[in-house]
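Asker: Questions regarding the structure given below will be posed in turn.
Values in this text are rule-based calculations from the coordinates and carry no lab data. This is a predicted model, so every value here is computed, not measured. All Cβ positions, even for glycine, are placed from backbone atoms using ideal geometry, and neighbour counts span all protein chains on display.
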Ligand SMILES: [Zn+2]
């Protein structure tokens, strides 16, 4: 727990104060039960009600960093839905791991790809961190409407359906003809 908190503090400490959370190390069956049968991918861990649950047979340092991030995400960001949350959480996990000289596992490559496309179009990492950790207005949807090839509505629709190429395509920067 301490080393994970140190990694998070070093990478994202300007935007959040990371505190220890209740941690439960449980087996995969107990983890699946907590997830209400939601088993679309391998269960490494999960966060519920500010507590972190880790699979005792399939977790790494990476997993705890990821679940601790979930515990520190703002309720406002949660309104975006699961795929945006996982993308941002994984992106911030990778940043913390790499900053600490560790190798991340990239657990949500498609969701992560959407976040990378958004940042590549110019949405700032600072805005993303402020929204994720501190909440506030949905600056992301407004920004996409203004700067990207497709509207937030269209991009979000693609993300919710798991249509990753369409989501990334829609996030390209709008071309300006002068
Ligand atoms: Zn997650």
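Asker: Having 1 or more residues that are within 14 Å of the ligand (Cβ to nearest atom) and crowded, with 19+ Cβ neighbours inside 10 Å is the bar; report the strands (runs of 3 or more DSSP E) wholly within segment 1-66 that clear it.
Answerer: 45-48, 51-55
Asker: Scan segment 100-129 residue by residue and report those that are outside any loop (DSSP other than H, G, I, E, B), more than 16 Å from the ligand (Cβ to nearest atom) and over 17 Å from residue 12 (Cα atoms).
Answerer: Result: 116, 117, 118, 120.
Asker: Still on this structure, I have one more. Taking interchain pairs and intrachain pairs at least six residues apart, which have beta carbon atoms under 6 angstrom, with the first residue in segment 80-102 and under 16 Å from residue 161 (Cβ atoms) and the second assigned to a helix (DSSP H, G or I) and within 14 Å of the ligand (Cβ to nearest atom)?
Answerer: That search, which allows pairs on different chains as well, returns 83/111; 86/111; 87/111; 87/112; 87/115.
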